[in-house]
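For reference, the structure is listed below as structure tokens.
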Amino acid sequence: MINEQIIYENKFDLHSINKFASLMTLGNGYLGLRATYDEDYFEQTRGMYVAGIYNKAAENEPSDLVNLPDLAGIRIEIDNEIFSLLNGEILSYERFLNLATGELKRELLWKNRGGARFRFVFQRFVAKNNLHVFASKMTVTSLDQSASIKIVTGINAQQTNFGKQHLIEEKVRVFDEEVMQGVYKTTESGHTIALATRCKCSAESEVSFAAKNRQLHTTIKHGLNVNIPFLFEKLGTIFTSLDQGVDGQDPEAASIKELSEISPLGYDTLLEMSALKWKEFWQEKRIHISSTDKFDQTAMDFSLYHLEIMTPAHDERFSIGAKGLTGEGYKGHVFWDTEIFINPFHLYTEPETAKKLLIYRYLHLQQAKEKAARNGYEGALYPWESAFTGEEETPEFAAINIRTGKRQKVASALAEHHIVADIAYAVVQYYQTTLDEEFMKKEGLALLKETARFWISRAVLENGQVSIKDVIGPDEYTEHIDNNAYTNYMAYYNVEQALYFMEQYGEVDEQLKEQGRAFINRLYLPKPNEQLIIPQDDTFLNKPEIDLSRYKENQGSQGILLDYSRAEVNEMQILKQADVVMLMYLFPELFESKVVSKNLSYYEEHTIHDSSLSKAIHAIVAARCHESDAAYRFFQEACLIDLGPNPHSSDEGLHAASLGAIWLTAMFGFANISLTNNQLKLDPRLPASWSELKFKLTIQGCPLEIVMTHEKVVVSKYLGPNLLLEINGTEYLLTDRIEVNS
């Protein structure tokens, strides 16, 4: 059951234990804490992660986002019986994440083996107003008889990344018989992490401390009286050597200092302070959907909540991993997801954050140039997967095939080069939306020039025509193909924009200009054929077709690979996601509407949607094609990628880009906003079940509030200069408020 602004679980189920640990993750962009249970279960994967803390377990392995020592776990014994929902009887149970306040709460009534009933309330949050603070609270009430309770908790450094230990325990201490502190260092990257925690309970409780086997813990014993609640609070702070501007203190000193400052406030006051920041967030960034299906609003709120907590807005040295800070999937690495699927949310709601995510790429321009040189190219070749250092992190080989005993080589780092143009595209989008000349003259132009150099050197000249060969587009079921439509058009745009901004800023580089002009004049760009279909690559339309209906029914499972090898899939018209549809999404005016409609239909028929990125993009293009029912169906199916019934859909973390794409669908599909020649356009395509869509955007420094219904569009501006915009094909000058009937 899911209610508006509440993610709700009404039963204890080991099958979905890790999915809900991801769904209900707490965080603030600096810190992510999986919503595992306080008590231990063998099946659950605990996880606490700090943005930027990566480490290699061995020299030739990729970096992992390090799973840090656990602060959330609590071992509970009542009358010498270990509390577990696998023992005794669960009389009532509910757990929910309040998206409005960022608090996770679990309430349950449990009967032990002896028949005595106990009520438990567990609460937990990661502070939004203070990046370094974690807090939890437990209330236990004995309903039938007096009993004894024993609690063991502290700092557990036995955590690993799927068995790989990344931390050296440097120091554990107890201060003043109250504060526990652990100091750790990553084995290869050399980052220091300091955690401090203290527990608060009744003065009548018996308290002791001990350290053993990478665990520093306190043991609390207390007598429970009937119907007298026992309250236990735990506060914690986390600092690392990557932190900036903490009064010049090292993490060890900072963690103790911060803990001493927050301790007098207690759980409830700290929660109120954090909830106020969440209130500000929702006031400014919430999309209000009036729908006959309340799930639409919940799914949107869920996406916005996670987009916020996955983004390290505090530090431009970090970016967003494919699972955010919700799990260890893809080792926490950064992909093209950030620029294409996630950054637009920040660009239109908090442009400064969008700029920081682009500066992350700028800061690693040198590593990208070095990778290009190693591969025989000029300019900048960005890694397909990256982490803190900016080096290529893509594993050389995939997991072992259990039937052949062999590993398949991972081709992404060698051929999935569209990420270079994806970054350039995001740079131009940032400028058009903000008109940030200072950024564009320095970081933006440098990124455009070096990525353009790469494409010019990557292309080959044959019979007077420039081709880009041996690539993988966004669709990873077609590998090592030539003239991929998405890649070629994006490369063209990359070089074209580099030349444009060089001209704008008087950049003198005649050789690059000459090479760039030759590139865009000769580059092969796939055009619609007689049937109006744009070939995804040189050979795709000549490959055989099969009936994909059986695989579409189980989309997302990659079931096709159980029946066919990757090599066989590569030689058929089978798509994981449709590159041409992705291209049409990014460039809505590149092709005539009848071409867009034809290609959407053709490529959807050949797309299994095994990629979590696929459905939302189809929804956007379908909405623009006035296929309202299909668009809405795609949108709701995209919302189910994490929130759907599959109990293991999100075990290793949420699908960060898919969450970003849900926001994209509302904005670029149903609201149908676009920027053309630096001018905002609105041409709504609301689903029939939506009576109103209301949201705020920032365009070129102007904060706007937009309300759309099936009858009218209202745009209000509170600050900034007058703005020329287009609504339903007609131009208007916005001074303060415009209302246009549809």
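The values are calculated or read from the model by the stated rules, or taken from the named source; none is laboratory data. Given the structure is predicted, the values throughout are model-derived calculations rather than measurements. Using ideal geometry, Cβ is built from the backbone for each residue, glycine included, and neighbour counts are taken over all protein chains shown. Ligands, DNA and RNA are excluded from the accessible area calculation, which covers all protein heavy atoms including side chains. Shrake-Rupley method; radii C 1.70, N 1.55, O 1.52, S 1.80 Å.
The requirement of being out of contact with any Asp or Glu (no Cβ under 9 Å at 6 or more places or on another chain), open to solvent by 70 Å² or more (accessible area, probe 1.4 Å) and either within 22 Å of Phe125 (Cα to Cα) or not basic (Lys, Arg) (or both) is satisfied by Ile228. Residues of the range 643-671 that are of a type outside the set (Val, Ile, Thr), open to solvent by less than 10 Å² (accessible area, probe 1.4 Å) and assigned to a helix (DSSP H, G or I): Ala656, Ala657, Ser658, Leu659, Gly660, Ala661, Trp663, Leu664, Ala666, Met667, Gly669, Phe670.
Out of Lys234, Lys277, Lys285, which single residue is at pLDDT 95 or above and open to solvent by 50 Å² or more (accessible area, probe 1.4 Å)?
Working: Lys234 fails: open to solvent by 50 Å² or more (accessible area, probe 1.4 Å); Lys285 fails: open to solvent by 50 Å² or more (accessible area, probe 1.4 Å).
Within the list Lys234, Lys277, Lys285, the selection yields Lys277.
Within the range 113-168, being within 30 Å of Leu265 (Cα to Cα), open to solvent by 50 Å² or more (accessible area, probe 1.4 Å) and part of a strand (DSSP E or B) holds for Arg119, Ser148, Lys150. Do you know which of the residues in the range 454-477 that are open to solvent by 50 Å² or more (accessible area, probe 1.4 Å) and hydrophobic (A, V, I, L, M, F, W, C) is nearest to Gly376 (Cα to Cα)? Applying the filter and picking the extreme gives Val460.
Inspect all residues belonging to the range 401-412 and state whether any of them is assigned to a strand (DSSP E or B) and open to solvent by less than 20 Å² (accessible area, probe 1.4 Å).
Looking only at the range 401-412, we keep the residues that are assigned to a strand (DSSP E or B), and these are 407-409.
This time we only want the ones that are open to solvent by less than 20 Å² (accessible area, probe 1.4 Å), so: none.
For the range 401-412, residues assigned to a strand (DSSP E or B) and open to solvent by less than 20 Å² (accessible area, probe 1.4 Å): absent.
Confirm whether Phe118 is within 30 Å of Ile287 (Cβ to Cβ) and out of contact with any helix residue (DSSP H, G or I) (no Cβ under 7 Å at 6 or more places or on another chain).
On the way: within 30 Å of Ile287 (Cβ to Cβ): no; out of contact with any helix residue (DSSP H, G or I) (no Cβ under 7 Å at 6 or more places or on another chain): yes.
No; evaluated as a whole, the condition is false for this residue.
Where helices (runs of 4 or more DSSP H) fall entirely within the range 223-325, those with at least 2 residues that are of a type in the set (A, V, I, L, M) and closer than 30 Å to Glu4 by Cα are at 266-285, 295-310. Within the range 24-42, the residues that satisfy the criterion of being touching a His at 6+ places or on another chain (Cβ under 9 Å) and not in a loop (DSSP other than H, G, I, E, B) are Gly27, Leu31.
Output the number of residues of the range 170-199 satisfying the condition of being assigned to a strand (DSSP E or B), open to solvent by 70 Å² or more (accessible area, probe 1.4 Å) and under 16 Å from Ala211 (Cβ atoms).
At the first step, the residues of the range 170-199 found to be assigned to a strand (DSSP E or B) are 170-175, 179-186, 192-199.
Restricting the remaining residues to those that are open to solvent by 70 Å² or more (accessible area, probe 1.4 Å) gives 170-171, 173, 185.
Still in the list and also under 16 Å from Ala211 (Cβ atoms): 170-171, 173.
Of the residues in the range 170-199, 3 are assigned to a strand (DSSP E or B), open to solvent by 70 Å² or more (accessible area, probe 1.4 Å) and under 16 Å from Ala211 (Cβ atoms).
Looking at the range 366-400, which of the residues that are without any contact (Cβ under 8 Å) to a residue 60 or more places away in the chain and in contact with a Phe, Trp or Tyr (Cβ under 8 Å, 6 or more places away or on another chain) is most open to solvent (accessible area, probe 1.4 Å)? Checked the range 366-400; the qualifying residue most open to solvent (accessible area, probe 1.4 Å) is Glu392.
If only residues of the range 554-585 that are of a type outside the set (Ser, Thr, Tyr), more than 16 Å from Asp537 (Cα to Cα) and buried (at least 18 other Cβ atoms within 10 Å of the Cβ) are counted, the one that is modelled with the highest pLDDT is Ile560. Here the condition is being under 20 Å from the mean Cα position of the chain (by Cα) and acidic (Asp, Glu); of Asp64, Asp13, Asp79, Asp70, it holds for Asp64 alone. In the range 566-581, the residues that are farther than 15 Å from Leu548 by Cα form Cβ pairs under 6 Å with partners that are of a type in the set (S, T, N, Q) and crowded, with 20+ Cβ neighbours inside 10 Å, at six or more places apart or across chains, as follows: Asp579/Gln536; Val580/Gln536; Val580/Asn599. Tallying residues that are among the polar types (S, T, N, Q), open to solvent by 10 Å² or more (accessible area, probe 1.4 Å) and in a helix (DSSP H, G or I) within the range 586-631 yields 4. Can we say Thr45 is in contact with a helix residue (DSSP H, G or I) (Cβ under 7 Å, 6 or more places away or on another chain), open to solvent by 10 Å² or more (accessible area, probe 1.4 Å) and either closer than 28 Å to Leu357 by Cα or not in a loop (DSSP other than H, G, I, E, B) (or both)? No; evaluated as a whole, the condition is false for this residue. Based on what the data block shows, is Ala72 in a loop (DSSP other than H, G, I, E, B) and in contact (Cβ under 8 Å) with a residue 60 or more places away in the chain? For Ala72, the condition - in a loop (DSSP other than H, G, I, E, B) and in contact (Cβ under 8 Å) with a residue 60 or more places away in the chain - is met. Looking only at the range 422-429, decide whether some residue is of a type in the set (Asp, Glu) and over 23 Å from Ala57 (Cα atoms). The answer is yes, given that some residue of the range 422-429 is of a type in the set (Asp, Glu) and over 23 Å from Ala57 (Cα atoms).
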